[in-house]
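As C-alpha cells, the structure follows; a few thoughts come after it.
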Amino acid sequence: MPRQLRADLSRALADSGSVGLGAFPMGVAFGVLVVHSGLDWWWASVFSGLIYAGSLEFLLLGLVLAAAPLGQVALTAFTVNFRHVFYALSFPLHRVRGRAARAYSTFALSDEAYAVTAHPAAQSYPGRRVLWLQVFIHLYWAGGATTGALLGAAVPAGAEGLDFAVTALFTVLALDALRDRPGRAVPALALGCALAARLAVPGGQLFAAFVLFAAVLLARYALVRRREAGARV
Amino acid sequence: MSDVPAGHAPAAGYLLAAVAVAVAVTWALRALPFAVLAPLRSSPLVAYLAAAMPVGVMVILAAYTLRHLTPRDPGAAWPALLALAATVAVHLWRRNVLLSILGGTAVHVVLASAVF
C-alpha cells in the first residue's frame with residue numbers, strides 16, 4: 001500500500017472512529033429491521049449505501065411496507081432531511097478538489113460527517129482528509145446495515161439498548177460545540193424549539209424544530225443588530 | 001418489530017423507485033444549497049447562523065432521538081434520562097468522546113435491561 005494512502009486511511013480512522021461507534025450499531029439495528037420486515041438482506045445495503053440518511057431509512061422502511069405512494073416518499077425525504085440545507089453554511093466543500101470528489105462529498109454529507117467537520121479541530125483539515133473521513137463514515141453505516149441484515153434474527157434482543165449510542169453521540173458533539181463557542185442561550189433555544197415541535201407537531205417534529213430554530217436565530221440576530229446600532233448612536 | 005409473512009414483500013420495481021426518489025431528494029438537499037448559500041458566506045448574518053447552527057443542530061438531533069419518551073412510560077424514560085446525565089457527566093469530566101459514548105450507552109443498556 002502506498003505510504004500516502006496508508007497515512008490517509010489511518011488518519012480517517014482516527015477522525016471518524018468516535019462517530020463510527022454510534023453509526024455502526026445503529027446500522028446493525030437497521031439491517032436487522034430490514035430482514036425482519038420481510039425484505040431480502042441486500043435491500044439493507046441498497047438503502048444504507050445509496051440513500052445514506054439514517055432517520056429517513058427507518059421511516060422509509062415503514063412507508064414501503066405500507067406501499068405508500070412515491071409522492072409521500074418524496075415529501076417525507078424532504079421533511080426529514082431539510083436540515084441538511086444548513087450544513088452548506090459551514091461544511092468545507094471548497095477545500096475538496098475534483099468534480100467527482102465534490103459530487104461524492106455533497107452526497108455523503110450526513111449528520112455524522114457534518115458533525116465531525118463542524119468540530120473546531122476540523123477547521124484546518126485539507127480536502128483529502130475531509131473526503132476520506134466521509135468515506136469511512138459511509139462504510140460504517142452501510143457495513144453495519146449489511147452486517148445486521150446478514151445476522152438477522154441471530155442478533156440478541158438486548159442489542160436494542162445500544163441505539164442510545166446515537167443519542168450519546170449527538171449530546172457529546174453538542175457539548176464540544178458549546179465549549180468552543182461560549183454561551184448557553186443557543187443550545188437552550190434549540191432545546192426549547194425541539195420540545196415545542198415535539199408537543200405541537202408530533203409527526204413532523206424534526207422539520208418543525210429546524211424551521212422554528214432558524215426563525216428564532218434570525219429574530220435573535222435582528223435583535224442584537226438593533227441593540228448594537230442603538231449603542232452606537 | 002413488525003414481522004410480515006413471506007410473499008408479502010413489496011415488489012422490487014416499487015422498492016427501487018422509492019429508493020431513487022429518496023436518493024434524489026436527499027442528495028438535492030445536500031448539494032444544491034452550496035450553489036445558493038456559498039456566495040452569502042461573507043455576510044454577517046450567514047456567519048452568525050454558521051456559528052450558532054452546529055450546537056443547536058446537535059441539541060435538536062439529540063432531542064429527536066429521544067422523541068419516543070413520555071412521562072407516561074417511565075420504564076423507558078428513566079434509563080434514557082439517567083444515561084443522558086451519565087453521558088454529560090463523563091464528558092465534562094474526561095472530555096473523551098469515545099469514553100463518554102461507551103459509558104452512557106453502557107449505563108443505558110444496563111438500566112433498560114436489568115433495572116427498569
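The numbers here are math on the coordinates, done by the rules we state, and not lab data. Keep in mind it's a predicted model, so treat the numbers as computed, not measured. Quick reminder, even Gly has a Cβ in these numbers, built from the backbone with ideal geometry, and neighbours come from all protein chains shown.
Worth a mention:
- Projecting the Cα atoms of A:ALA185, B:ALA17, A:ALA113 onto the charge dipole of the protein assembly as shown (Cβ charges, centred on the Cα centre) puts A:ALA185 farthest toward the positive pole.
- Label point 7 Å beyond Cα of B:ALA9 along Cβ direction - residues of the stretch A:7-43 with amide nitrogen under 16 Å: A:31-43
- Candidates B:THR87, B:THR105, B:THR26, ranked by Gaussian network fluctuation over chain B, Cα under 10 Å, top entry: B:THR26
- Of A:GLY22, A:GLY192, A:GLY54, the one that fluctuates the most in a GNM where chain A has Cα springs shorter than 10 Å: A:GLY192
- More than 22 Å apart - percent of Cα-Cα pairs taken over the stretch A:3-181: 48
- With coordinates expressed along the principal axes, the C-alpha atoms belonging to the stretch B:66-116 extend over 34, 21, 13 Å, beginning with the largest.
- Shielding value for B:99-107 is 6, the average number of Cβ atoms from other chains within 10 Å of each residue's Cβ.
- Comparing mean-square fluctuations of A:VAL216, A:VAL135, A:VAL19 from a GNM of chain A with C-alpha springs under 10 Å, the top value falls on A:VAL216.
- Seen from A:ALA142, the other residues with C-beta closer than 14 Å to its C-beta sum to a net charge of -2, counting Lys and Arg as +1 and Asp and Glu as -1.
- Modelled FRET efficiency - R0 25 Å, A:LEU75 with A:LEU199, Cβ distances, 0.05 increments: 0.65
- Here the extension length gained between A:ARG184 and A:ALA103 equals 25.6 nm, from 0.36 nm per residue of separation less the Cα-Cα distance.
- Rg and Dmax of the stretch B:24-112, Cα atoms only, in Å: 18.1, 50
- Rg then Dmax, both in Å and based on the Cα atoms of the protein assembly as shown: 20.3, 75.
- Length released on extending from A:ALA67 to A:LEU218, taking residue separation times 0.36 nm less the Cα-Cα span: 50.4 nm
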